[in-house]
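Reading through the structure tokens given below for one structure.
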Amino acid sequence: KKNCNVGLLAYSPLAGGSLSGKYNEGDVEGARLSLFPGYMSRFRSSLALEAIKEYTALAREHGLTPTELALAWCKSRWFVTSTIIGATTMEQLKENIDAFGVDLSEEVLEGVDAINKRYRDPAMF
């Protein structure tokens, strides 16, 4: 179902780096969420971290990085017209760009849906 033919511009599709999985075990020296206390704290002090860990596990089960899963998922949505990525290093930028060449299998998409059903809006709780 389309809404007035208005597309979505995905801003921060990696949730400030959280969906890359790098904060799954806590602070990362020099990383954005570690440098700026309180910045995007909803991804670290709620059910969001549990959901992120499950998305990370799903990605790895299918030979993907968490970044590839998140950005390829954005690309797979018919209503997403573009995605704003942000990278601190050239390595992160390369991974982000390369992720748009990944096509997710039906099994991966079903896995994302299953996790999403368990954590509808995890950053709120």
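Before moving on, here are some points about what is shown:
- Integer Hz, Karplus 6.51/-1.76/1.60 couplings in order for the stretch 31-37, x for Gly and Pro: 8, 3, 6, 8, 6, 10, x
- Cα-based helix-to-principal-axis angle, 48-61 vs the chain, degrees rounded to 10: 60
- Residue by residue, the stretch 98-105 carries 3J(HN,Hα) couplings of 4, 4, 6, x, 8, 10, 7, 6 Hz when phi is fed to the Karplus relation 6.51 cos²θ - 1.76 cosθ + 1.60 (θ = phi - 60°); x denotes Gly or Pro.
- For TYR23, distant residues with modelled amide H under 5 Å away: none
- Separation in nanometres of the label points that stand 7 Å from Cα toward Cβ, at LEU8 and SER46: 1.6
- Using θ = phi - 60° and Karplus 6.51 cos²θ - 1.76 cosθ + 1.60, couplings along the stretch 69-77 (whole Hz; Gly, Pro as x): 4, 5, 6, 5, 5, 4, 4, 6, 7
- Three principal axis extents describe the C-alpha atoms of the stretch 1-71; from largest down they are 43, 30, 21 Å.
- When ARG77, ARG118 are compared by accessible area of protein heavy atoms, the largest-first order is ARG118, ARG77, using a 1.4 Å probe.
- Options THR56, THR83, GLY38, ranked by Cα towards positive dipole end of the stretch 27-125, top entry (Cβ charges): GLY38
- Under the combined filter of DSSP loop state and at most 14 neighbouring Cβ atoms within 10 Å, the stretch 18-114 retains these GluC sites (Glu not before Pro): GLU25, GLU29.
- Cα-based equivalent ellipsoid of the chain: semi-axis lengths in Å, sorted from largest, via gyration tensor: 22, 17, 16
- Long-range amide H partners of VAL80 with built H, under 5 Å: LEU8
- Two-site FRET efficiency, ILE84 against ASN24, from Cβ-Cβ distance with R₀ of 22 Å, rounded to 0.05: 0.40
- Approximate spin-label separation ASN116-SER76, in nm, with each point projected 7 Å along Cα-to-Cβ: 0.9
- Loop-located chymotrypsin sites (Phe, Trp or Tyr not before Pro) in the stretch 1-98 (DSSP state other than H, G, I, E, B) with a sparse environment of at most 10 neighbouring Cβ atoms within 10 Å: TRP78.
The values are calculated or read from the model by the stated rules, or taken from the named source; none is laboratory data. Everything quoted here is computed from the prediction, not taken from an experiment. Every residue, glycine as well, gets a Cβ built from its backbone with ideal geometry; the counts of neighbours run over all protein chains shown. We work out accessible area using only protein heavy atoms, side chains counted, and drop any ligands, DNA or RNA first. Shrake-Rupley method; radii C 1.70, N 1.55, O 1.52, S 1.80 Å.
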